[in-house]
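Colleague: To start, I am sharing the structure in question, which I have written as structure tokens.
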Amino acid sequence: MSRHTPHEFAKQIGAGLLSFPVTPFKSDLSFDEAAYRSHLSWLSQYQVAGLFAAGGTGEFFSLTPSEVGRVVRTAVSEIGGSGVPLIAPSGYGTAMAKEYCRAAEDAGADGILLLPPYLTEASTDGVAEHVEQVCKSTSLGVIVYNRANQVLDEHALARLADHCPNLVGFKDGIGDIELMTRIYAKLGDRLTYVGGLPTAETFALPYLTLGVTTYSSAIFNFVPEFAVYFYKAVRAGDHDKVYRALNEFVLPYIAIRNRKRGYAVSIVKAGLKVIGRDAGPVRPPLTDLTDAECADLSALVARLPKLMEA
Ligand SMILES: O=C([O-])C(=O)C[C@H](O)[C@@H](O)C(=O)[O-]
């Protein structure tokens, strides 16, 4: 049974930074539960408004449904009782997405992040029908992730919000400012808005003015203190601090991330290696950073204490 109502949990996640932990693997690529527990326990000393198990950064796309269930149950048992909402992933086709929602409820999750369907293309109407069926299959609050082939516009979202009271959040992974503006203008406070573009810090300041009060921080995995520092600077509207942090860390970081497709996730596991908290390799089709790229990342991480002092 969820510990938060859909609207309580949506309100809560909109008020702070969001953690998207990686899923650690052993060298044979099996799930490393002990490393996952230790990672969550280390991160729990930093304040976040929600924890999303097995999201994109958690390699949802390369986990089996039973592995997703195990990851979610592990996360619930690690952070349950802390007051931080735990959001489980759902995705693929409608039938599978409903099964993920059932498993999330059974595991005691507080909400669902609905990731895009796999492979096929889809019309807005088709996506809306999919989202409606998934929302109606669960009592948990649902955050729909607009990304790739799952794109809703303001009209479809408004209809869905009318039909599905438990559709409580909208996560943007498209980066279309006109669309975001149309959505916020039409739905306003009806939804909680989450920034979900790769390395979401890059967009956090302008997105705040579009009604997006929070974002999924992948870098929180390995530089949590900096991620929280950055979030606070964004929320305080401290442009100087934000732009110094963008120039000194975030923009050079995304220059490394952009060297290969799929690095948005791989670089996060590389970051954990660099700070001595190895979460193992990524699974194919992703590839790990080279030693030289890890050295470049390490040099960037070394700048952070001085940056945060200033
Ligand atoms: O599901 C996910 O992991 C994401 O939404 C993407 C990342 O957390 C993204 O926002 C980032 O890289 O900061």
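The values are calculated or read from the model by the stated rules, or taken from the named source; none is laboratory data. Computed from a predicted structure; not experimentally measured. Glycine also receives a Cβ, built like all others from the backbone with ideal geometry; neighbour counts cover every protein chain displayed. Side chains included, ligands, DNA and RNA excluded: accessible areas come from the protein's heavy atoms. Shrake-Rupley method; radii C 1.70, N 1.55, O 1.52, S 1.80 Å.
Colleague: Just the residues that are in a loop (DSSP other than H, G, I, E, B) and touching a strand residue (DSSP E or B) at 6+ places or on another chain (Cβ under 7 Å), please, taken from segment 31-79.
Modeller: ASP32, VAL48, ALA49, ALA53, ALA54, GLY55
Colleague: Let me ask another. Is one or more of the residues making up segment 151-164 open to solvent by less than 50 Å² (accessible area, probe 1.4 Å), within 13 Å of the ligand (Cβ to nearest atom) and either part of a helix (DSSP H, G or I) or modelled with pLDDT of 95 or more (or both)?
Modeller: no
Colleague: Considering only segment 68-98, state which residues are in contact with a Pro (Cβ under 7 Å, 6 or more places away or on another chain) and either among the basic types (Lys, Arg) or within 25 Å of PHE25 (Cβ to Cβ) (or both).
Modeller: Listed by number, the residues that qualify are VAL68, GLY91, TYR92.
Colleague: Among the candidates VAL134, VAL127, single out the residue that is under 25 Å from ALA75 (Cα atoms), assigned to a helix (DSSP H, G or I) and either modelled with pLDDT under 95 or within 21 Å of the chain's Cα centre (by Cα) (or both).
Modeller: None of the others qualify; the one that does is VAL134.
Colleague: Which of the residues belonging to segment 251-270 are near the ligand (Cβ under 10 Å from one of its atoms) and charged (D, E, K, R)?
Modeller: Across segment 251-270, the qualifying residue is only ARG257.
Colleague: If you take the residues in segment 199-219 that are over 13 Å from ILE254 (Cα atoms) and among the aromatic types (Phe, Trp, Tyr), which one is farthest from the ligand (Cβ to nearest atom)?
Modeller: If we take residues in segment 199-219 being over 13 Å from ILE254 (Cα atoms) and among the aromatic types (Phe, Trp, Tyr), then TYR207 is farthest from the ligand (Cβ to nearest atom).
Colleague: Given the condition of a type in the set (Gly, Ala, Ser) and open to solvent by less than 10 Å² (accessible area, probe 1.4 Å), answer yes or no: does some residue in segment 56-68 qualify?
Modeller: Yes - at least one qualifying residue is present in segment 56-68.
Colleague: Can you tell me which residue is nearest to the ligand (Cβ to nearest atom) among those in segment 33-55 that are open to solvent by less than 10 Å² (accessible area, probe 1.4 Å) and aromatic (Phe, Trp, Tyr)?
Modeller: Here the residue is PHE52.
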